[in-house]
Every structure is written in C-alpha cells, then in structure tokens.
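The values are calculated or read from the model by the stated rules, or taken from the named source; none is laboratory data. A quick note: this is a predicted structure, and the numbers were derived from the prediction, not measured. Here the Cβ is made from the backbone with ideal geometry for all residues, glycine too, and neighbour counts use every protein chain on show. Surface accessibility is based on the protein's heavy atoms, side chains included, excluding ligands, DNA and RNA. Shrake-Rupley method; radii C 1.70, N 1.55, O 1.52, S 1.80 Å.
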Amino acid sequence: MMLTFLLRRLAIGLFTIWGVLTAVFLIVRIAPGDQATVALGPDATPEQIAELRHTLGLDQPVLVQYLNFLGDAVRGDFGQSYRYGRPAMEAVLERFPATVTLTLAATVIAIVVGIVLGVVAGHRPGSLVDRTTSAATLGLQALPPFWVGIMLILVLALWLRLLPSAGGGDLEHLILPAVTLSIPFTALVGRITRSGVAETMSEAFVRTARSKGLTEREVLTGHVLKNSLVPVVTVVGLQVGTLLGGAVVIETVFAWPGLGNLLVGAVGNRDYAVVQAATVLIAVCVIGLNLAADLAYARLDPRIRLEARR
Amino acid sequence: MADHSVAVAPANQRTTPMLEVTDLEVVLPAGAVVDRVSFTVPAGRTTGLIGESGSGKTMTAMAVVGLLPDTASASGEVRWKAQDLLVAPERRRRQVRGREIGVVFQDPSAALNPIQTVGRQVGEILRRDGLPRTQVRARVLELLARVGLPEPERQADSYPHEMSGGMRQRVMIAIALAGQPELVIADEPTTALDVTTQARILALLADLREREGLAMILVSHDLRVMAHVADEVVVMYAGRVAEQGPARAVLDRPYHPYTRALAANVPAVTSRTAIAEPLPGAPASPFDRPSGCPFHPRCPMARDRCVTEVPALREITEAGAGPGRFSACHFAEEVS
Ligand SMILES: Nc1ncnc2c1ncn2[C@@H]1O[C@H](COP(=O)(O)OP(=O)(O)OP(=O)(O)O)[C@@H](O)[C@H]1O
Ligand code: SF4
Ligand SMILES: [Mg+2]
C-alpha cells in the first residue's frame with residue numbers, strides 16, 4: 001500500500017534527522033574552544049566562565065547533555081545566540097524566508113528553462129539543435145556559480161547598470177542572485193530532461209501517438225513529456241536541497257539577507273547555537289523535499305504506485 | 001508493372017483500388033530497405049505482406065501512413081483517394097492518420113502509453129477532434145465492447161500493465177478504430193500472443209472486415225494467418241517483392257521457390273509457437289543483397305544465371321496460372 005511506502009520513507013527521514021542532530025551536537029563538542037569561553041571573550045574571569053558553563057549545562061556528563069540537547073532540539077530550542085542575545089532559532093527563522101525566496105526563484109527558473117531546453121534538444125537526438133544545446137548546458141554546468149555571479153554583477157550591474165548588484169528584499173535585487181544560483185541547476189535539469197525525452201522518443205508508443213494524427217507538439221506535451229519527467233522530478237527534489245546549500249555562497253556574493261549570510265557570520269563568530277539551528281533547519285528542509293520528491297515520483301508513474309504495494 | 005486489368009474489366013468496381021502503392025522505395029542511411037514495391041488495396045479487401053524478419057514489411061506499411069523513422073525517406077507513390085500521400089502537405093497526412101487509415105502496431109505492450117489509462121488512449125483522437133467529454137466516454141466504452149473487452153467500464157480506467165497481452169491488443173485495435181478509418185494497417189497483430197489468443201484476435205479482425213467493410217493491410221510472417229484473412233499477398237524478400245498475387249492461388253501454387261519454402265515450413269496447427277521454423281540459411285540483408293537474385297544463396301533451384309542476373313518481377317501467363325500472378329524468379333514456371 002501507498003501508506004506503508006510513505007511510512008517507511010517517513011521513518012527513514014526521521015532517522016536521518018536524528019543523525020544530523022547527533023552530528024551537530026558532536027561537532028560543537030569537538031570544535032576548538034569551549035562555548036562559554038568563546039561567548040565571554042578573552043577578558044572573562046575563570047569564575048564567570050564556570051558560572052556560564054553551569055548555566056549552559058556544560059558541567060554535566062556528556063550523555064545527559066546529549067539527551068537535553070535532543071529534547072530541546074525537538075522543541076526547536078537551540079539555546080541563545082550570544083551574538084544576537086536571543087534564541088538562535090528565532091534569528092534563523094527570521095532570515096529563512098529570504099533564502100526560501102531565492103531558492104524557489106532559482107528552482108522555478110531552472111525547471112522552466114531546463115525543461116524547455118531539454119525537450120527542444122531531446123526531440124531530435126543528434127540534430128544540430130540537440131548538439132548545440134547539449135554543449136551549452138555542459139559548459140554552463142561546469143562554470144563555478146560564484147564566478148558567474150561576479151561576471152553578472154560586472155556586466156549587468158556595474159557596466160550596463162541594468163540591475164542592482166547587492167542587497168535584498170525586492171524583485172530587482174532577486175533577479176541576479178536567482179539567475180546565478182539557477183544556472184548549474186538549469187543545465188542539470190536540461191540535460192536530464194533531454195536524455196529522458198530522447199529515450200522516450202524512441203519508444204513505440206510515440207509512434208502510436210503519431211498514428212492518431214497528432215502534431216509533434218501534441219505528441220511531445222501529451223505523451224513524451226510526462227513519461228520523461230520521472231527522473232527530472234527526482235533530481236529536482238534532491239537538488240533543491242543542494243540549491244539551498246548553494247544559496248549560502250550566492251547570498252554572500254550578492255549580500256542577499258538570507259540564512260547563508262547569517263550562517264557564514266555565525267561560523268566566523270563561533271556562534272554555535274545559530275550554526276546548529278541553521279544546519280538542522282536546512283537538513284529538515286532537504287529531507288522534507290526528498291520525501292515530497294518520492295511522493296511526486298510515485299504519483300507520476302502508476303507502475304511505481306503498484307510496486308509500492310509489494 | 002503495367003496494370004492492364006483496369007482497362008480490361010472496367011465493369012468490376014473492385015479493380016479501382018482505394019490505396020495504390022507504386023514503386024515504393026524506403027531508404028535508410030545504411031541503404032534501401034524497401035526496393036520498388038507495388039501493391040493495391042481495394043475498398044473492403046485485405047492485402048497481406050509476408051516475409052521473414054527484416055524483409056521490410058514494417059517499413060513498407062509505415063511508409064504508407066508516413067510513420068517511418070526520422071532517418072528514413074520514402075519515394076515512389078502512395079496514392080490514397082487520388083492523392084499521393086508521399087508528397088501531400090503534412091496537414092493532410094496528419095488528417096489521414098487515425099481518421100482514414102488506422103494502425104495496429106506489432107507489439108501492443110510497447111505501443112501503449114504506460115502512464116495513461118486505456119480509456120484516455122482510446123478516446124484521444126475523439127477528444128482532440130472536439131467531441132464533448134461525456135460523448136467521448138460513451139464512444140470509448142462502445143469501442144472497447146466492440147473489440148470484445150469484458151467490463152469496458154472497468155477496463156477503460158485501468159492501465160496497460162494491468163492487462164494481459166491479448167487484452168492490450170484489443171485495446172490497440174480499439175485505438176485504431178476510434179477515428180473510424182476505412183483502412184487499417186495491422187502489423188503482426190498476433191505475433192506477440194499465445195496461440196489461443198491469436199485465433200481470437202484473428203477472428204475479431206476477420207469480423208471487422210466482414211461486418212464493417214474495413215480494408216486492411218495485414219503484415220505477418222505466418223502463412224496460416226494470410227490464408228485466413230488476405231485476398232492478395234505480397235511475398236517480400238530482402239526488401240523486394242519475390243512474388244505476389246491472389247492469396248489462395250499463391251499459397252496453393254507458388255511461383256517462387258521462397259514462397260514454396262515458406263509454405264512447406266508452416267507449423268502444424270497444434271504447434272505451440274506461431275512462428276514457422278526458420279528456413280535453412282540466413283535471410284539476406286536488404287543492406288547487403290547478394291548479386292543477381294537475392295535469394296540465390298538459399299535457393300535449391302539456383303543456377304548460374306541467378307547469380308549474375310537480377311530477376312524482374314513479371315506476370316505469369318502460363319496456362320492455369322490464373323490472373324494477377326507475379327513472380328521475380330527466372331524459372332517461376334518450374335517451381336510447382
Ligand atoms: N528504426 C530503424 N532504424 C534503422 N533501421 C531499421 C529501423 N527499423 C528497422 N530497420 C531495419 O530495416 C530493415 C527492415 O525492417 P522491417 O522492420 O521493415 O522488417 P520486418 O519485415 O517488419 O521484420 P520483422 O518481422 O522483424 O518485424 C531491417 O534490416 C531492420 O534492421
Ligand atoms: S531466380 Fe534463381 S535463385 Fe532466384 S528464386 Fe528463382 S531459381 Fe532461385
Ligand atoms: Mg516488422
């Protein structure tokens with residue numbers, strides 16, 4: 001049944017989140033510098049440090065600390081950000097919408113442009129259009145995103161003065177970072193769509209569709225596209241997570257006020273609570289997206305729906 | 001091939017063919033897979049294409065409806081209702097597909113879209129032509145019932161993988177019939193099926209032919225199928241016509257050693273496989289035809305002349321041959 005399939009996926013997801021929490025817990029213990037020492041700075045007296053260690057529970061056995069950490073984490077409590085002087089999760093969530101906006105914008109660009117490119121190229125494999133598109137996507141996928149970002153800033157923002165180079169909030173500021181972030185993803189979606197479409201084009205049912213007197217466009221949209229989308233959906237689901245990670249880098253290039261900017265700052269300041277909260281939030285999002293991809297995957301292909309029953 | 005029969009017997013309506021294929025040639029990058037094939041299909045009649053695997057039957061049939069692979073090109077003439085489809089505008093060719101000429105493909109499992117319900121696939125052409133939803137549904141159920149699917153209501157909502165091979169082939173036939181064509185091209189409609197199901201599908205096709213006056217191009221390598229259903233047969237070898245004529249006469253008294261060999265190899269009716277035992281020797285590739293008569297390396301009657309001189313397809317006029325017999329053998333009169 002679909003339900004057991006779902007439950008199994010959900011269990012795997014929860015298990016992964018637990019793994020991430022454990023890793024995040026351990027990394028902070030292993031990282032150089034005690035949280036209390038870092039928070040109080042070099043001028044603190046040993047008494048002050050000992051007091052804060054007690055408040056943070058750092059004087060308790062590791063296992064107790066771990067269980068406390070897990071208990072708090074489930075409630076979304078990762079402690080205080082010493083830098084912002086308020087709960088870490090609150091600071092993280094405040095920046096989260098900007099990152100989601102950026103990631104979504106890049107995803108939409110990648111899906112629309114990638115699928116169009118892939119269908120055009122895959123319709124007649126080996127044709128001039130196909131070879132040109134394939135070469136272009138291969139090239140784009142290989143370019144480092146931050147380099148593309150800097151080039152875009154140079155040409156479009158500084159030279160042509162069409163768009164602002166840095167800052168955030170509105171659509172104008174969104175375009176450059178979103179395009180930059182989307183480029184390797186667009187290329188990937190394009191290539192996967194292309195190979196799916198090219199493969200589907202050679203299937204016998206495409207000829208059946210033509211035997212009904214459909215135009216090529218009707219054949220593509222009515223029969224080829226959906227049959228080629230299963231790998232695309234999977235990749236999109238998996239890659240949106242990666243994209244979220246990529247946003248971190250791009251945000252700093254364009255000074256986009258998102259989670260990435262916050263996270264980079266927090267790492268630099270050893271604001272561990274914020275690092276933990278941000279990391280766990282990203283992990284939960286990635287896992288949730290993968291689960292959604294699995295679902296969409298099963299919905300698209302009735303044969304998978306059937307397999308899930310076994 | 002000069003066709004004098006039209007002038008000789010103008011009173012006979014059946015001699016005015018609905019489809020007239022003349023000197024059809026299909027060229028792939030590797031060479032010509034169909035070489036000067038000509039045949040006709042009069043309204044309501046069935047013409048069979050027969051030959052071993054790779055002899056160009058599917059290519060011939062697909063050239064008629066313009067469903068050749070992208071890499072293939074066709075020349076010659078495909079005259080359908082007084083218009084040459086090979087040079088007709090793409091719009092007209094699309095209009096012919098499905099609505100005037102329907103196609104039943106070789107392998108129903110591959111020919112059906114795996115992710116669309118059967119009902120959707122059968123109704124597609126109707127929906128596309130603007131029939132309202134409820135009427136499409138009614139027509140689909142009617143079509144499914146007509147091809148002998150039990151419980152059409154339920155089957156319309158199921159997917160191809162939930163059906164048996166025979167049921168899928170019935171669905172395929174329903175798709176071919178949906179646009180109310182006058183001609184149906186059936187490419188090996190029974191090859192992928194077990195013997196019992198084969199018989200049922202053949203009975204269905206014969207029934208459609210009798211009751212609805214459908215004309216048919218039937219592709220098969222099974223002589224028994226031909227004997228049952230076809231009026232005329234074209235025997236193909238390496239992309240060329242080896243022999244053609246009225247089905248019964250050709251099978252009873254072949255004028256080509258290849259036809260004779262095919263007829264001698266027909267398996268017993270009780271045989272589990274529908275496919276005849278392969279003839280000794282490998283079929284000649286259309287891309288690499290032997291010199292002279294392409295059949296000479298396997299022909300028990302081959303002589304020196306067969307190796308050097310390509311035999312022309314000629315009408316057999318000897319006494320007792322009957323009308324409309326053609327053979328591409330130098331020694332046709334010695335075969336039977
Ligand atoms: N899509 C294609 N591209 C290139 N060559 C092809 C293609 N399809 C078939 N051929 C070649 O064309 C020749 C004729 O093939 P065709 O399918 O017409 O034979 P057939 O008589 O229908 O055989 P079968 O009984 O196996 O269906 C074969 O040599 C085959 O290898
Ligand atoms: S022409 Fe010669 S080789 Fe060809 S079929 Fe006739 S006898 Fe055989
Ligand atoms: Mg074939």
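Against the definition (closer than 30 Å to A:Gly19 by Cβ and surrounded by fewer than 24 Cβ atoms within 10 Å (Cβ to Cβ)), how does A:Gly245 come out, yes or no?
Yes; evaluated as a whole, the condition is true for this residue.
Identify all residues within region B:25-48 that are within 25 Å of B:Leu208 (Cα to Cα) and more than 13 Å from ligand 1 (Cβ to nearest atom); write none if there are none.
Scanning region B:25-48 gives B:Phe39, B:Thr40, B:Val41, B:Pro42, B:Ala43, B:Gly44, B:Arg45, B:Thr46, B:Thr47.
Hey, among the residues in region B:170-195 that are touching a strand residue (DSSP E or B) at 6+ places or on another chain (Cβ under 8 Å) and in a loop (DSSP other than H, G, I, E, B), which one's nearest to ligand 3 (Cβ to nearest atom)?
B:Glu188
Taking the residues in region B:62-82 that are under 30 Å from B:Arg211 (Cβ atoms) and open to solvent by less than 30 Å² (accessible area, probe 1.4 Å) as candidates, determine which candidate is nearest to ligand 3 (Cβ to nearest atom).
Only one residue tops the list, namely B:Met62.
Using the structure shown, decide if B:Val250 is touching a strand residue (DSSP E or B) at 6+ places or on another chain (Cβ under 8 Å), within 16 Å of ligand 3 (Cβ to nearest atom), closer than 26 Å to B:Leu24 by Cβ and not acidic (Asp, Glu).
No: the conditions fail for B:Val250.
Is it the case that region B:49-61 has a residue that's more than 11 Å from ligand 1 (Cβ to nearest atom) and open to solvent by 10 Å² or more (accessible area, probe 1.4 Å)?
Checked against the condition, which is being more than 11 Å from ligand 1 (Cβ to nearest atom) and open to solvent by 10 Å² or more (accessible area, probe 1.4 Å), region B:49-61 yields no hits at all.
Please find, among B:Arg94, B:Arg154, B:Arg139, the residue that is at the interface with another protein chain (Cβ under 10 Å from one of its Cβ atoms) and open to solvent by 40 Å² or more (accessible area, probe 1.4 Å).
B:Arg94
Condition first: within 21 Å of B:Leu218 (Cα to Cα), open to solvent by 20 Å² or more (accessible area, probe 1.4 Å) and more than 8 Å from chain A (Cβ to nearest Cβ). Now tell me which residues in region B:107-126 satisfy that.
Of everything in region B:107-126, just one residue is within 21 Å of B:Leu218 (Cα to Cα), open to solvent by 20 Å² or more (accessible area, probe 1.4 Å) and more than 8 Å from chain A (Cβ to nearest Cβ), namely B:Ser109.
If the Cβ limit is 7 Å and pairs must be 6+ apart or interchain, which residue in region B:117-134 that is polar (S, T, N, Q) pairs with which residue that is open to solvent by less than 20 Å² (accessible area, probe 1.4 Å)?
B:Thr117/B:Ala156; B:Thr117/B:Ser158; B:Gln121/B:Leu112; B:Gln121/B:Asn113; B:Gln121/B:Ile175
Restricting the search to region A:228-242, which residues are farther than 16 Å from A:Ile115 by Cβ and open to solvent by less than 30 Å² (accessible area, probe 1.4 Å)?
A:Gly241
Please count how many residues of region B:87-104 are part of a loop (DSSP other than H, G, I, E, B) and touching a Gly at 6+ places or on another chain (Cβ under 7 Å).
The number of residues fulfilling the criteria is 2.
Collect the residues in region B:163-193 that are open to solvent by 40 Å² or more (accessible area, probe 1.4 Å), farther than 17 Å from B:Glu100 by Cα and touching a residue at least 60 places away in the same chain (Cβ under 8 Å), keeping them in residue-number order.
Correct list: B:Arg168, B:Thr191, B:Ala192.
Restricting attention to region B:198-219, does a residue exist that is over 21 Å from B:Ala264 (Cα atoms), within 14 Å of another protein chain (Cβ to nearest Cβ) and within 16 Å of ligand 1 (Cβ to nearest atom)?
So far as region B:198-219 goes, yes, one or more of its residues are over 21 Å from B:Ala264 (Cα atoms), within 14 Å of another protein chain (Cβ to nearest Cβ) and within 16 Å of ligand 1 (Cβ to nearest atom).
Looking only at region A:121-131, count how many residues are under 30 Å from the mean Cα position of the chain (by Cα) and open to solvent by less than 80 Å² (accessible area, probe 1.4 Å).
So the count comes out to 4.
Here is a list: B:Pro189, B:Pro181. Which entry is within 16 Å of ligand 1 (Cβ to nearest atom), within 27 Å of B:Trp80 (Cα to Cα) and within 14 Å of chain A (Cβ to nearest Cβ)?
Among B:Pro189, B:Pro181, only B:Pro189 is within 16 Å of ligand 1 (Cβ to nearest atom), within 27 Å of B:Trp80 (Cα to Cα) and within 14 Å of chain A (Cβ to nearest Cβ).
If you check A:Leu225, A:Leu181, A:Leu163, A:Leu188, which single one turns out to be open to solvent by less than 50 Å² (accessible area, probe 1.4 Å) and within 13 Å of chain B (Cβ to nearest Cβ)?
Matching residue, one of A:Leu225, A:Leu181, A:Leu163, A:Leu188: A:Leu225.
Would you check if there is a residue in region B:70-89 being at the interface with another protein chain (Cβ under 9 Å from one of its Cβ atoms) and in contact (Cβ under 8 Å) with a residue 24 or more places away in the chain?
no
Return yes or no: is A:Glu172 assigned to a helix (DSSP H, G or I), touching a residue at least 24 places away in the same chain (Cβ under 8 Å) and more than 14 Å from every other protein chain (Cβ to nearest Cβ)?
Answer is no for this residue.
What number of residues within region B:233-249 satisfy the criterion of being farther than 17 Å from B:Pro290 by Cβ and among the hydroxyl-bearing types (Ser, Thr, Tyr)?
0
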